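We did not get these values from a lab; they are worked out from the coordinates using the rules stated. This structure is a prediction, so every number in the text was calculated from the model and none was measured. Backbone-built Cβ (ideal geometry, glycine too); neighbour counts: all protein chains shown.
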Amino acid sequence: MAEQIYDIAVPGGGPGGYVAAIRSAQLKFKTAIIEKDKLGGICLNWGCIPTKALLKNAEVIHTIKKASEYGINIKEYSFDFTKIIKRSRDVSARIVKGVEFLMRKNKIDKYDGFGKLIDKNTIEVTDASGNKSLVKAKNIIIATGARPRQIPGIEIDRKSIITSSEAMVLERQPKDMIIIGAGAIGVEFAYFYNELGTKITLVEMMPQILPVEDEEVSKTLEKEFVKNGIRILTSTKVLSAKTTSKGVEVKVDANGKEETLTAEIALVAIGVQGNIENIGLEQVGVKTEKSFIVVNKETYQTSVPGIYAIGDVNGPPWLAHVASAEGIACVEQIAGLHHPGVDYSNIPGCTYCQPQVASIGLTEKKARELGHEIKVGRYPFRSHGKSLAVGENTGFVKLIFDAKYGELLGAHIIGENATELIAELGLAKSLEAVGESIFKTVHAHPTLSEAIMEAAADAYGEAIHL
C-alpha cells in the first residue's frame, strides 16, 4: 500500500468538502480530497445545479404560454423532453469539470475511491478496481453528505417509486405523478413537471406546503399552484405505496379520510439522511445520533479530536451554502485563524419554483412564540411598477422587526427573483441593520428591490406607495 501524509484530508467532494479542501490549500496545508464518484457531490451532480437547469426550461415554457400578454403571438409550440434532460446533465458536467480544474489549480491531491477511517489519522481508500491506498492526515474533515430519506415500509424501486435523482433523468415525461413531501425539493419538481403538462398531486403531512416558511408565503404559493392545476393534499399521511401494472398506488389518510391515489410515478421527497455507514466511525469512536455525526457546531469537531464533520452529514440545515460556510470555518479554525463562526440565524433558504420563495431569520409566528414584540411590514408586488412592467406581479415582501430595538428578525419574499433579492436582507441582518437604515437607503428605480425598501417603511408607517 502506498502511503501519503497530509495536514488535512477530506472524505467527500461536495460543496462542503471541495470548498474545505480549497481553503485548506490556500492556507498552505498539504491537502487531499477523497471522492468515490464525481466531485461536486449531490449538489452539482444531482441537486442544486441540474435542477435549476430543469426549472429554467419550465420558466421558458411558462413565458411562452403567456406570450400573448406581451403582444407576442405564439400559436403553437412543442418541446423535446429528452433534450430538456440532456441540457440539465450537460450543465452539471460542465460545472463538475470546473471543480476538477480547481483541485488541480490548488494542487490538491484527489483520490478516487471510497474512504474508510482506520484510525483517527488514517483513511483507507478503495478504488473501483478494489485497489487500496492509505491516506494519513493530522486532521480529517468528513464531508460525506446525505441522500434521500425513505419512508419505512415503502420500497424505492427507482422506476415507479423514485427519488429526486431519478426524477432528473427520466427517459420520458410521465402523464401523472404523485409527489410525497412538499418541502423545497417536492415543490420544485411539482412546478417543473406541472409546467410541462404532467398532472401533479402533491402530498404533505404538515398543515402547509413548504412547512418551514412563513404561513402567508406558503398560503400564497399554494393558491398559485392550485390555480395552475396542481392538486395539493396537506395534513395528509402516506399509509402505503406499491407498484402496479399501470404504475403506482399510494394510499393516504387525510384527517381520518382514506384515499387511494394512482399515477405512473410516485416521487418520494421527504428529506435526507446522512451518509455515515461503513466509513469507520464506530471503529474510531466518532459519536453519531440517528443518521448524523454529532459535532460541536462552533468548531465542527466530532467526539474524536482531530476529526471534524461538515455539511449535511452533521445534520440540519441541509443546504449547500451552509456546507461551504462550515468548511471554510472549520479549516480556518484548524489553522488558528479567527473566524466568527457560521451564524445559523442568518442562513437564507430558497425555493426555485415560480413564484420563487426566499427567506431568512424568524417567521412571524416564531418571533411571537419567542416573546418578541414586533413590527411587521409588507409590500405587495401586485401594485409594484417593475413587477407590472415585467409581467410577474404575484407575491410580496414581508419583513419582521423587533419593535424595541429595530433589529431585523426575519425576511420573507415570494415573487419574481425572490432568491436573488434575499441577499440584500442577509447582508442587512449580518450588519445588524435596523428598519430605518433599510428604508432610508436609496434603492434604484425601477427595481424589484424597491419592494424591500417599501416593506421596511411599511413596518414604521412610512411606506410611500401603499
For Thr236, other-chain or 5+-apart residues with amide H closer than 5 Å (H placed, Pro excluded) are Glu204, Met205, Met206
Ordered by number, the GluC sites (Glu not before Pro) in the range 281-328 that occupy a DSSP loop and have at most 14 other Cβ atoms within 10 Å are Glu298
What one gets for the range 161-270 as the Kirkwood radius, inverse of mean 1/r over different Cα pairs in Å, is 13.8
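Can you list the equivalent-ellipsoid semi-axes of the chain, largest first and in whole Å, using the square root of 5 times each Cα gyration tensor eigenvalue? Before the final figure, lay out each step's value.
Working: eigenvalues 283, 180, 93 Å².
Square roots of five times the eigenvalues give 38, 30, 22 Å.
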Computed for the range 161-270: size of charge dipole around the Cα centre, +1 on C-beta of each Lys and Arg, -1 on C-beta of each Asp and Glu, debye to nearest 20, value 440
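Cross-link list Lys398/Lys440; Lys52/Lys237; Lys219/Lys251; Lys398/Lys429; Lys366/Lys429: which exceed 19 angstrom alpha carbon to alpha carbon? Kindly include the intermediate steps, with their values, before the conclusion.
Values: Lys398/Lys440 17 Å; Lys52/Lys237 29 Å; Lys219/Lys251 25 Å; Lys398/Lys429 14 Å; Lys366/Lys429 17 Å.
Lys52/Lys237; Lys219/Lys251, as the Cα separations exceed 19 Å there.
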Here, trypsin sites (Lys or Arg not before Pro) of the range 157-214 satisfying both criteria (DSSP loop; at most 13 other Cβ within 10 Å) are Arg158, Lys159, Arg172, Lys175
At R0 = 35 Å the Cβ-Cβ FRET efficiency linking Lys83 and Thr244, nearest 0.05, sits at 0.70
antiparallel share of DSSP beta bridges within the chain, to nearest 5, in %, is 65
Computed on Cα atoms, the radius of gyration and Dmax of the range 355-459 in angstrom are 12.8, 40
Rounded to whole angstrom, the alpha-carbon centroid of the range 240-292 lies from that of the range 407-466 at a distance of 39
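Given an 8 Å cut-off on Cα distances and at least 6 residues of separation, report the relative contact order of the chain as a percent. List each step's numbers first, then the result.
On the way: 1001 pairs, mean separation 64.1, N = 466.
After rounding, I find 14 percent.
From the P(r) of the range 1-42, could you give the percentage of C-alpha pairs in the tail past 17 Å? All intermediate terms of the calculation are to be shown ahead of the outcome.
Values: 256 of 861 pairs.
Here the tail beyond 17 Å accounts for 30 percent of pairs.
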